[in-house]
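FYI, it's all coordinate maths here, none of it is from the lab. Please read all numbers here as calculations on a predicted model, not as lab measurements. Cβ sites come from the backbone with ideal geometry, for glycine too, and all protein chains shown count toward neighbours.
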Amino acid sequence: MKRLSTICTWLLACLLAACATPGGAAKDATVTPDPAVEILQESDTLAHYRLANGLEVIVKPDRRAPTAIHMLWVRVGSIDENDGTTGIAHVLEHMMFKGSEKLAAGEFSRRVAELGGRDNAFTNRDYTGYFQQVPSAQLGAVMALEADRLATNQWPDEEFTRELEVIKEERRMRTDDQPRAKLFEQLMATAYLASPERRPVIGWMDDIAAITADEVRAFHRQWYVPGNAAVVVVGNVEPRQVLALAQRHYGAIPAGAIPARKISREPLQQGPRHLVLRDRAEQAVLLMAYKVPALTNITNPSSSDREALALMALDGVLSGYDGARLERSLTRGIPRLADSAGSSATLSGRSGNGLFLLSAIPAAGRSTAEVQQALQQAIQDVATHGISQQELRRVITQWSAATIYGQDSMYAQASELGSNWILGWPLDATERTLALLREVTPAQVQAVARKYFGGSALTIAELQPDSGAAPTSGQSVPATSMDIQGATQ
Ligand SMILES: [Zn+2]
């Protein structure tokens, strides 16, 4: 019922939007772009431009509300960092709120609030992003603020020293005092030897403490150049007018050199790895990470891309809906084997690595060995008996629905466009991926279940409750289900 009413609201909103803009005219012919602007794509529903300094501008009109989302995406994240200064991308994200040529510390967010807006930022392995939502009439004002700190972020050393304490506290709260987050951090550090994915997004504590103000300033100069960034705007806007505003506010920033990237490739894993974390926790946790092919090309998929798509389908079959295979076999039945069980497939990223994760929290009286065996049995069942066409269809239907519901949120639409841009993918990558997923067959899913879960590219991480473990700085928050996050704010 809930889903039905959501889709009705969505359809109704679309109809109303269509009525409000006769002819659906999105282009404003009165606005002529600078001849140096490259028009990469332009239609009533989506526009993509490149300014002369290299900054890309992506605009998606959505006129259901008189607001606009403005996001700046910078193609730099923790995988671009170096040992010794891990966490620096996230540190810079914090410092972007601490001043610029025109603004004092904290003034950015105050100004956005005065415009009637809200703002935030996010750092991940592949990117750093900044977003504001404002009444659409204030889009130019918020662009002026964002362009200013992109070009001239600056702050005194004392401000930096103070903020570093905030960031260290963030790490304590989100990782050091959260045994499950720490387990995931250690899993990644063990599964990857050379790939930068082995480093946590927030950075290692000693590195955070040792980062200097000048290192952060240099990181900003190196990576925050127009050719390494994109502005995404979704809302009640006209693409050509957004382009004109972007030219006015961002166009004068000097192009700068786009930094060269050196991302280490992960050597082939040739045997299982196993780590144990003993920490203050109420329950044990088991994580099993298998290296699998990544999805790298969705316009002309290779056989390994097709395998990655089959692995996405396998993930859906295992845990993509209520009552899917892992839930049925591990968390239902009396007595229960696990309090929760799930899978997740991380198959796209700038590192080019794919990781398939199985996880479970053993029920009281059950061991990690027992849930490990059950998780492996679930994969074995697919490898031996395959899956049904109905199961696969259910997963695809679920994804199609999620893609449609994603259109409900301007934030989700902007995030999708930004994420696709970060990967260098076509902006309609979500629809293309869905179309490719529809081509996956049960036999392909069975084939990847047979091929990639043998154990030689497996890393197991186990959390064992230990009440005598060294005390951490705060109280761990008990969680009822797995909550593994790679992102940070
Ligand atoms: Zn943060």
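Just a few scattered comments:
- Helix 389-406 axis, angle to the chain major axis (alpha carbon atoms, nearest 10°): 30 degrees
- Of all stretches in the chain that contain no GluC sites (Glu not before Pro) in a DSSP loop with at most 13 other Cβ atoms within 10 Å, the longest one is 102-281.
- For the chain, the residue among LEU311, TYR224, ALA412 whose Cα projects farthest onto the positive side of the dipole built from Cβ charges is LEU311.
- Extending 7 Å from Cα along the Cβ direction at ARG278 and again at ARG332 yields two label points whose distance is 3.9 nm.
- Overall form of the chain per C-alpha gyration tensor (a/c, 1.5; a/b vs b/c): oblate
- Dipole magnitude of segment 166-301, debye to nearest 20 (Cβ charges: Lys/Arg +1, Asp/Glu -1, about Cα centre): 280 debye
- For the chain, the number of Lys pairs with C-alpha atoms closer than 17 Å, counting only pairs eight or more positions apart or on separate chains, is 4.
- For segment 257-271, 3J(HN,Hα) computed residue by residue from phi via the Karplus equation (6.51, -1.76, 1.60; θ = phi - 60°) reads 8, 6, x, 6, 10, 10, 10, 4, 8, 7, x, 4, 7, 10, x Hz, glycine and proline entered as x.
- Dividing the radius of gyration of the alpha carbons in segment 364-468 by their Kirkwood radius gives 1.09 for Rg/Rh.
- With respect to the chain, whose longest principal axis is taken over its alpha-carbon atoms, helix 213-223 is tilted by about 80°.
- Think of each Lys and Arg Cβ as +1 and each Asp and Glu Cβ as -1; about the Cα centre, that makes the dipole of segment 101-246 roughly 440 debye.
- 3J(HN,Hα) along segment 39-49, derived from phi through the Karplus expression 6.51 cos²θ - 1.76 cosθ + 1.60 where θ = phi - 60°, amounts to 8, 7, 6, 7, 9, 5, 9, 7, 10, 9, 10 Hz, with x in place of Gly and Pro.
- Within the chain: Cβ-based charge dipole about Cα centre, in debye rounded to nearest 20 (Lys, Arg +1; Asp, Glu -1): 1060 debye
- Between ASN300 and ALA65, the contour length at 0.36 nm per residue exceeds the alpha carbon distance by 80.9 nm.
- Of PHE184, ALA244, MET205, farthest towards positive along the dipole that unit charges on Lys, Arg, Asp, Glu beta carbons give segment 127-251: ALA244
- Calculated FRET value between ARG110 and ALA260, using beta carbons and R₀ = 51 Å, to 0.05: 0.85
- Using just its DSSP H runs of length 4 or more, each adding -39500 (n - 2.57), the chain gives a mean residue ellipticity at 222 nm of -12500 deg cm²/dmol after division by all residues.
- Taking the charge dipole of the chain about its Cα centre, with +1 at Lys and Arg Cβ atoms and -1 at Asp and Glu Cβ atoms, the residue from ALA144, GLN389, VAL91 reaching farthest to the positive side is GLN389.
- Whole-Å distance, taken between Cα centres, linking segment 392-451 and segment 76-138: 28 Å
- Counted by neighbouring Cβ atoms within 10 Å, the residues SER195, SER409 run from fewest to most as SER409, SER195.
- Of the trypsin sites (Lys or Arg not before Pro) found in segment 305-353, the ones in coil according to DSSP and having at most 13 other Cβ atoms within 10 Å of their Cβ are ARG332.
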